[in-house]
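The values are calculated or read from the model by the stated rules, or taken from the named source; none is laboratory data. The structure presented is a predicted model; accordingly, all values stated were derived computationally and were not measured. Neighbour counts are summed over all protein chains in view; Cβ atoms, including those assigned to glycine, are modelled from backbone coordinates with ideal geometry. With ligands, DNA and RNA removed, areas are computed over all heavy atoms of the protein, side chains included. Shrake-Rupley method; radii C 1.70, N 1.55, O 1.52, S 1.80 Å.
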Amino acid sequence: MSFVARRGNTLVLAICVLIALPVVTRNAVWTDSAALLGIYALLALSVGLSYGQAGILTLSQAAFASLGAYAAAICTVRWGWPPLADLPVALLLPALIAFPVARLVARLSPLATALSTLAIGSIIAIAIRSADDFTGGYMGIAGVPSIGFVKAPASYAWLIWAMVVIVVFLYENLCHSAYGRALNVLRFDQARAAADGVNPPMLVSAAFAISSSIAGVSGWLYAHYISFVSPESLDAHLSISALLMAVVGGAEFILGPILGTLLLDGLTRLLPAAELQGVYYGIALIVILLVARRGIFGLIEGGLAQVRQLRRSRSGEVTALEIEASRP
Amino acid sequence: MNLRMLRALAICVGAVAMIAGSARAQDAPVKIGAVLSLSGPAAVFGIPERDAIQAIVAKMSSTTKGGRKFEISFYDDKSNPTEATRAVNQAINDKVVAIVGPSTGSGILAAGPIAQRLSTPLIGPAGTLAITDPKNEFYPWIFRAAPSDASDVRAILQDMAKGNAKKVGIFYQEDAYGKTGVDLAREVGPSLGLNVVETASAPYTATDLTAQATKLRNAGAQAVFLQISIAALGSSFVKAARQVGLSVPIYANAGLAQRSFAENVGNEVEGLRIVSIGNLPYDPTPGEAELAKMLEAAGKQPQGWGELTGSNALMAALGAIDRQKGKDITGASMRETLESLCDFDKFARGRVCYSAKDHDGWHEDALVITEVRNKQFRSVP
Amino acid sequence: MSGGLVAKGMEVSFGGVRALRGVDIVVSPGAVMGLIGRNGSGKSTLFNCITGFVRPSGGRVSVDGKDITGMRPHQVVAKGVGRTFQTPRLEARTSVLTAVTCGLYASVRSSLVGALFGSPWAMREERLLRERAEAEMERLGLANLRHVEVGKLSLGLLRLVEVARCLVSGARFVMLDEPAAGLTSVEKDKLAAEVRAVAARGLGVLLVEHNIDMVRQLCRSVAVLETGNVLCQGTPDEVLRNDDVIRSYLGALGDIEDAAGGWQ
């Protein structure tokens with residue numbers, strides 16, 4: 001397969017971004033939404049990698065993002081580091097926590113693992129709240145500086161979506177590598193993967209660590225864009241939203257979480273606001289998941305497969321089933 | 001038609017258009033945004049804030065005292081700082097000249113840079129100290145519409161000093177809010193002749209507080225200050241104090257001054273003193289009574305001080321609009337006017353004057369010490 | 001210890017049930033060792049025991065003299081012992097080529113970070129893996145199924161893909177779990193030829209198979225398991241003439257073939 005074909009998702013996304021952003025950034029509100037949605041998309045992508053690929057149903061991604069955000073805030077505001085110097089911290093800190101935790105819990109049942117991620121998320125949130133000399137406690141940290149040359153919201157929208165494209169590029173590389181294939185096998189049959197020479201807890205933990213780094217980057221961008229972080233900024237509610245975004249779009253598909261992010265955000269904006277919104281939102285989610293169990297992308301793929309099948313049988317091309325049937 | 005005539009005509013048309021335009025600018029309602037926590041945990045404050053604003057707008061028929069039409073649109077910050085930034089962005093995009101809110105301190109801190117960048121002042125009904133910290137880059141654009149947390153502490157300590165207490169014990173919840181209160185009391189106390197002799201703390205979920213009460217009793221505290229926002233901690237502490245014989249005045253911070261607290265706790269909190277922004281539900285001043293009447297006319301029952309802080313923010317904005325009679329109003333002009341706004345029409349008690357150095361405006365005289373009596377907050381004279 | 005894959009005195013018990021009671025088996029390089037026995041006789045347990053999926057309560061396993069007892073499955077693979085599964089669960093949409101390429105995981109040298117950033121090194125290795133997988137598929141007659149999704153394959157062909165996955169890994173000892181079940185006679189011939197070729201390359205093969213013809217064709221030596229013991233061992237002809245074997249095994253052959261599909 002050629003270089004281009006194996007980066008289809010990256011290309012599609014890059015083209016969409018290049019077409020959409022110049023239009024979107026003409027309006028101040030859209031620009032702001034684009035920047036925030038990019039940040040959420042990164043968070044949803046981190047769920048995609050963790051849940052869709054490594055099979056860890058994670059409820060801690062917003063906590064990892066807040067680690068990235070606080071890393072940015074503390075390094076720049078408290079210690080006076082130049083912005084960008086804090087990026088490695090925002091990348092590594094979540095991974096350094098995620099990896100050992102995953103090593104410990106990856107052997108457990110999927111449900112127990114999910115609950116452990118919920119617990120680690122809560123622990124991080126509590127730690128941030130209580131280390132108030134350091135994190136500002138419930139008041140948070142204000143005045144996080146911009147990232148050097150990037151100041152205007154439109155520049156942030158570009159930077160953030162460039163980051164989304166980069167992450168999708170890396171993600172796609174991973175999927176087309178031996179490690180990505182191994183993760184795929186692992187999700188369906190641990191024993192089969194082990195017989196290929198995969199060390200399941202190790203690989204899953206590594207994938208979870210990468211996913212937490214992606215969440216860390218989204219937090220890093222958040223802190224610099226909004227300029228303020230507090231415990232409510234990236235709270236547990238957002239972890240659940242990110243999971244929903246990934247699942248609705250199609251967690252196992254590379255672009256699924258991004259589609260889910262746009263869709264769910266659109267939904268909250270279209271639905272009548274105020275007290276009952278949560279109810280409508282819940283109903284809409286249930287309907288989507290009933291119609292598309294594997295997310296919107298799963299639905300699209302199922303449709304395409306049917307069309308292909310139809311066309312093939314019309315054109316008289318031999319299908320796999322016919323290969324089977326015609327065997328000697 | 002020759003060129004000269006054409007030019008003359010163009011000038012005439014232009015002039016007429018300008019006059020008509022400026023007349024329209026005068027007639028067009030001034031837009032104000034209200035970014036409030038209408039959902040989420042902070043909705044207990046956000047919804048009364050909205051109710052008060054709606055009641056006032058209805059009563060005034062969307063016209064200021066000075067006769068200027070205004071229009072108010074509401075946005076939900078969902079008790080979340082990120083949503084607050086989105087809502088503030090949206091409001092400013094909708095051409096508002098000032099924003100009431102966001103409801104929470106973190107919402108204001110998150111939205112501050114946007115207010116600054118897009119030159120639109122925020123009038124925030126929150127007590128969080130940091131929102132008017134002069135070190136904030138966006139300091140010029142934030143005005144407070146409620147007494148700050150420091151004022152609350154000061155009001156309590158002043159009342160203690162009036163009762164001739166010298167030794168103060170503090171019980172606080174184990175978080176930054178609790179610790180901030182202790183720090184403030186230590187800072188303010190000595191100037192009032194008060195000494196913090198002992199402190200005790202507990203996590204949110206503690207139920208038996210006899211150890212903490214005993215500790216404060218043994219230190220010989222003559223008055224106790226509860227820096228808590230969790231209602232259950234308040235009633236547990238008062239009960240424990242009674243059990244261990246700690247019979248000194250107990251004061252709690254404004255977090256508990258909600259109708260639901262007074263009505264839902266048992267007799268054990270009888271006599272507990274709580275600092276409150278006005279006393280809308282039980283002992284209103286004439287101004288507060290006026291607001292309470294408007295609320296009742298709109299079918300709402302006054303809950304606590306959310307209505308007052310919401311009205312404060314709105315009245316400050318309307319006051320600033322009236323000071324700019326006959327002028328074009330922009331976000332920048334609103335900010336400038338607010339910065340010298342003093343003694344405007346409002347419903348809450350206290351004298352308010354903003355200045356370049358004082359964006360807090362509201363101070364201890366906006367507060368009242370209340371006492372829980374018979375499931376009501378009664379103002380202590 | 002001698003060369004080859006040697007399991008000595010293997011014992012396993014599951015909550016009081018002794019699934020293996022001291023089984024000895026030797027797979028020599030370049031030879032195909034057959035393993036037969038009826039359902040529940042302990043063949044799978046022996047497989048799992050040698051490959052690290054089940055921890056033995058007694059006995060030792062070694063590869064070319066190196067002890068691998070109690071190692072985890074991926075460590076066993078790293079020592080050069082590969083295996084197949086009878087009913088592998090795979091994502092239905094995976095292509096046959098991808099499924100076979102998965103077998104090369106143990107030989108991947110580029111790091112996870114390299115793979116993430118798509119380093120030239122990693123890309124080159126990726127091409128190499130693909131070529132090796134294609135070559136193995138060619139030998140097993142799977143080449144024209146390259147892009148077919150595994151979900152569309154019959155269980156028989158799926159097992160053949162499993163064999164390809166196992167062989168491609170470069171293991172020195174391969175353990176095949178009923179690879180011929182469900183194959184057509186042409187495919188069986190291809191499989192047999194490949195197994196023979198593999199052995200000729202110097203690999204040791206342990207073959208669990210119910211197809212007596214295939215066992216007779218391929219194996220120099222056969223062991224028969226019965227309730228966790230080796231009932232007898234010898235050349236296929238010797239074993240198949242053994243009265244005990246006929247009684248215990250061949251008599252029940254019909255049952256076994258019925259059960260083979262759902263049996264693991």
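Some notes on this structure:
- Whole-Å distance, taken between Cα centres, linking the range C:102-163 and the range C:50-95: 20 Å
- For A:Gly250, the amide hydrogen comes within under 5 Å of the amide hydrogens of A:Ile296, A:Phe297, counting only partners 5 or more places away or on other chains and with H modelled in the peptide plane.
- Annotation: amide H-H contacts under 5 Å for B:Ala252 (H modelled 1.01 Å from N, sequence separation of 5 or more, or interchain): B:Leu226, B:Arg273, B:Ile274, B:Val275.
- Rg/Rg_ref, chain C, where Rg_ref = 2.2 N^0.38 Å and atoms are Cα: 1.01
- Degrees between helix B:286-297 axis and first principal axis of chain B (Cα, 0 to 90, nearest 10): 70 degrees
- Under 9 Å, Cβ to Cβ, from B:Glu364 - net charge with Lys/Arg +1 and Asp/Glu -1: -1
- Among the residues of A:197-210, the average count of other protein chain beta-carbon atoms within 10 Å of the residue beta-carbon is 3.
- B:Ala297 versus B:Met60: modelled label distance in nm, points set 7 Å from Cα along the beta carbon direction: 1.4 nm
- Straight-line cross-link partners of C:Lys79 among the aspartates and glutamates, defined as a Cα under 13 Å from its Cα and at least 8 positions apart when in the same chain: A:Asp196, C:Asp64, C:Asp67.
- Report summary: the helix-based calculation at 222 nm, which adds -39500 (n - 2.57) for every DSSP H run with n ≥ 4 and divides by the residues of the protein assembly as shown, gives -16000 deg cm²/dmol.
- Note that the range B:83-89 has calculated 3J(HN,Hα) couplings of 5, 4, 5, 5, 5, 5, 4 Hz, one per residue in order, obtained from phi through the Karplus relation 6.51 cos²θ - 1.76 cosθ + 1.60 (θ = phi - 60°); glycine and proline are x.
- The GNM of chain C, with springs linking C-alpha atoms under 10 angstrom apart, assigns the highest mean-square fluctuation among C:Gly58, C:Gly16, C:Gly202 to C:Gly16.
- Bridge orientation summary for chain C: considering DSSP beta bridges with both residues in this region, about 55 percent are antiparallel.
- Principal-axis tilt of helix A:87-105 within chain A, Cα atoms, nearest 10 degrees: 60 degrees
- Couplings 3J(HN,Hα) of the range B:184-199, computed from phi: 4, 5, 5, 6, 7, x, x, 5, 9, x, 10, 10, 7, 8, 7, 10 Hz, in residue order, whole Hz [Karplus 6.51 cos²θ - 1.76 cosθ + 1.60, θ = phi - 60°; x for Gly and Pro].
- Mean per-residue shielding of peptide C:110-119 is 5, counting Cβ atoms of other chains within 10 Å of each Cβ.
- FRET efficiency, 1/(1 + (r/R0)^6) with R0 30 Å, evaluated for C:Ile212 and C:Leu128 via beta carbons: 0.15
- Computed log₁₀ I(q)/I(0) - Debye formula, equal Cα scatterers, no solvent, chain A, q 0.11, 0.12, 0.13 Å⁻¹: -0.73, -0.86, -1.00
- Projecting the Cα atoms of A:Ala114, A:Val168, A:Tyr70 onto the charge dipole of the range A:5-235, computed from C-beta unit charges around the Cα centre, puts A:Val168 farthest toward the positive end.
- Estimated at the nearest 10 Å², the accessible area of A:Ile56 is 10 Å² with a 1.4 Å probe.
- Along each principal axis, taking the top coordinate minus the bottom one, the Cα set of the range A:41-161 gives 46, 34, 20 Å in descending order.
- Residues of the range B:207-224 with amide N under 12 Å of the 7 Å Cα→Cβ point at B:Lys166: B:222
- Under 5 Å from the amide H of B:Ala200 lie the amide H atoms of B:Ile170, B:Phe171, B:Tyr172, each residue being 5 or more positions distant or on a separate chain, with H modelled from the backbone and absent for Pro and chain starts.
- Full-stretch length increase - A:Ile300, A:Phe134 - with 0.36 nm per residue and alpha-carbon distance subtracted: 55.0 nm
- Over the range B:74-168 - Rg/Rh using Cα atoms and the Kirkwood inverse-distance radius: 1.13
- Excluding same-chain neighbours fewer than eight residues apart, the lysines reachable from A:Lys151 by a Cα-Cα span under 30 Å are B:Lys31, B:Lys78, B:Lys95, B:Lys135, B:Lys357.
- Relative contact order %, the range C:5-262, counting alpha carbon pairs below 8 Å whose residues are six or more apart: 28 percent
- Reachable lysines, given that their alpha-carbon falls under 18 Å from the alpha-carbon of C:Lys188 and they are not under 8 places away in the same chain: none
- On the basis of the beta-carbon distance and an R0 of 25 Å, B:Thr330 and B:Asp133 show a calculated FRET efficiency of 0.45.
- Inter-probe distance in nm under a simple model that places probes 7 Å from Cα toward Cβ, at B:Ala219 and B:Ala356: 4.3 nm
- Per-residue SASA entry for C:Glu138, accessible area with 1.4 Å probe, Å² rounded to 10: 120 Å²
- Given in Å, the Rg to one decimal and the Dmax to the nearest whole number for the Cα atoms of the range C:143-233 are 14.0, 44.
- A quarter of the convex hull surface defined by the alpha-carbon atoms of the protein assembly as shown gives 53.9 nm² as the mean projection.
- DSSP finds beta bridges in the protein assembly as shown, and of those with both partners inside it, around 40 percent are antiparallel.
- Per residue of B:80-89, other chain Cβ atoms within 10 Å of the residue Cβ number 6 on average.
- Solvent-accessible surface (1.4 angstrom probe) belonging to C:Met10, in square angstrom, nearest 10: 0 Å²
- Kirkwood radius, chain B, all distinct C-alpha pairs, inverse of mean reciprocal distance: 22.0 Å.
- Cα-Cα over 30 Å, subset of B:Lys162/B:Lys346; B:Lys239/B:Lys346; B:Lys239/B:Lys300: B:Lys239/B:Lys346; B:Lys239/B:Lys300
- Phi angles of the range C:27-39 translate, via the Karplus equation with coefficients 6.51, -1.76, 1.60 and θ = phi - 60°, into HN-Hα couplings of 10, 8, x, x, 10, 9, 9, x, 9, 10, x, 7, 3 Hz per residue; Gly and Pro are given as x.
- Crossing angle, helix C:155-168 versus chain C [Cα axis fit, 0-90 degrees, rounded to tens]: 70 degrees
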